[in-house]
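The structure under discussion appears below in the form of structure tokens.
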Amino acid sequence: MVSSISLSIDSDLDKVSLLARAVRALCQDLLSSDDQDAVELSLVEAINNVIKHGYHGERGKDVQVAVGLQADQVVIEVIDHAPPMPAQVLDTASEDRFDFDETDLDGIPEGGMGLALIRMNMDEVEYHSSGSENRLRMVKRVVPLSE
Amino acid sequence: MLSTDLRDNVLVVRVEEKRIDASKAPAFKDEMTRCIDAGQNQIVLDMSQVDFIDSSGLGALVSCLKRLGPRGSLAVAGATGAVSRLFTLTRMDRVFALHPNVDTAVEQLSA
């Protein structure tokens, strides 16, 4: 079984939840509830980054999401036409972001968590820019239900 | 988006939204900041109605904690599912005291 669908929204933070809930519903039959949480969070973080950092909060720009449902994996691509993100931003994002000292109140992070969360929640994350288009490709593998 | 109730000198702030995401985080932070600036420093945030939070929402919570300063307490009650999962993933469960419900959180803070 392979099926795919493309969805798009205007670059408006108010519209992100609509898209996230639609994609979560699409994954319902393939992924556990915990993995649906992982996908929904990653997608929201990815789109927030595009709108906030790529388009600098400007509305009226396009954000596309392509969802591929396969027997063994869910592939989600977030496509935008903003200036590309520097490659090292994704490369250096990791769970180390959360290795903070909880006794140092000022040092507890308030932002810069999105890409780290995406990498922690998805099995593969790749970013490609060509021409005026950027694609963040995220893969979540389907864990077969145990008998 | 928030409703408040004072119990045993602890301010119980209930989030009346299902999602605290980047579109809601600024208003959430503003409303919480008003409670803090009004002098409340023992706060229980009831998140039992919330079923999704992203890093912007979590960042707003951290910002409130900083505003409250070291003398205040901000406890979280009723976080389940994707909400409690985000606290664990980001290790913010070390920063915020998580309670199963408002009653136990209020009991702890008013003790």
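Each reported figure results from applying straightforward, stated rules to the coordinates on display, with no laboratory input. These numbers come from a predicted model, not from an experiment. No Cβ is skipped: glycine too gets one built from the backbone with ideal geometry, and neighbour counts run over all protein chains shown.
The table below lists the values:
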{"read-out": "B:ASP30 in a helix (DSSP H, G or I), away from chain A (no Cβ under 14 Å) and without any contact (Cβ under 8 Å) to a residue 12 or more places away in the chain", "value": "yes"}
{"read-out": "Contacts under 8 angstrom Cβ, first residue in region B:3-27 being over 14 Å from B:LEU109 (Cβ atoms) and within 14 Å of chain A (Cβ to nearest Cβ), partner of a type in the set (A, V, I, L, M, F, W, C) and in a loop (DSSP other than H, G, I, E, B), 6 or more apart", "value": "B:GLU17/B:MET1; B:GLU17/B:VAL50; B:LYS18/B:VAL50; B:ARG19/B:VAL50; B:ILE20/B:VAL50; B:LYS24/B:MET1; B:ALA27/B:MET1"}
{"read-out": "Answer residue from region A:99-147, given it is among the hydroxyl-bearing types (Ser, Thr, Tyr) and more than 20 Å from A:SER6 (Cβ to Cβ) and is farthest from the chain's Cα centre (by Cα) among those", "value": "A:THR103"}
{"read-out": "Lone qualifier among B:GLN40, B:GLN49 - being of a type outside the set (A, V, I, L, M), touching a residue at least 12 places away in the same chain (Cβ under 8 Å), within 19 Å of A:ARG21 (Cα to Cα) and in a loop (DSSP other than H, G, I, E, B)", "value": "B:GLN49"}
{"read-out": "Index of the failed condition, A:GLY107 passing every other in (1) crowded, with 16+ Cβ neighbours inside 10 Å; (2) touching an Asp or Glu at 6+ places or on another chain (Cβ under 7 Å)", "value": "(1)"}
{"read-out": "Matching entry among A:VAL74, A:VAL78, A:VAL65 (being of a type outside the set (Gly, Ala, Ser) and either within 14 Å of another protein chain (Cβ to nearest Cβ) or in contact with a Gly (Cβ under 9 Å, 6 or more places away or on another chain) (or both))", "value": "A:VAL74"}
{"read-out": "Candidates B:LEU61, B:LEU65, B:LEU74, B:LEU89 - the one that is more than 12 Å from the chain's Cα centre (by Cα), surrounded by 20 or more Cβ atoms within 10 Å (Cβ to Cβ) and among the aliphatic types (A, V, I, L, M)", "value": "B:LEU89"}
{"read-out": "Residue in region A:82-95 that is within 14 Å of another protein chain (Cβ to nearest Cβ), in contact (Cβ under 8 Å) with a residue 12 or more places away in the chain and not polar (S, T, N, Q) present", "value": "yes"}
{"read-out": "Top-ranked residue of region A:54-83 - restricted to ones that are small (Gly, Ala, Ser) and crowded, with 19+ Cβ neighbours inside 10 Å, ranked as farthest from the chain's Cα centre (by Cα)", "value": "A:ALA82"}
{"read-out": "Residues of region A:63-97 satisfying the condition of being under 19 Å from A:LEU115 (Cα atoms) and part of a loop (DSSP other than H, G, I, E, B)", "value": "A:HIS81, A:ALA82, A:PRO83, A:PRO84, A:MET85, A:PRO86, A:THR92, A:ALA93, A:SER94"}
{"read-out": "Qualifying residues in region A:25-36 (those that are closer than 14 Å to A:MET122 by Cβ and free of Cβ contacts under 8 Å to residues at least 24 places away in the same chain) - the one farthest from the chain's Cα centre (by Cα)", "value": "A:ASP34"}
{"read-out": "Residues being outside any helix (DSSP H, G or I), more than 17 Å from B:LEU11 (Cα to Cα), in contact with a Phe, Trp or Tyr (Cβ under 9 Å, 6 or more places away or on another chain) and more than 10 Å from every other protein chain (Cβ to nearest Cβ) - total across region B:54-96", "value": "1"}
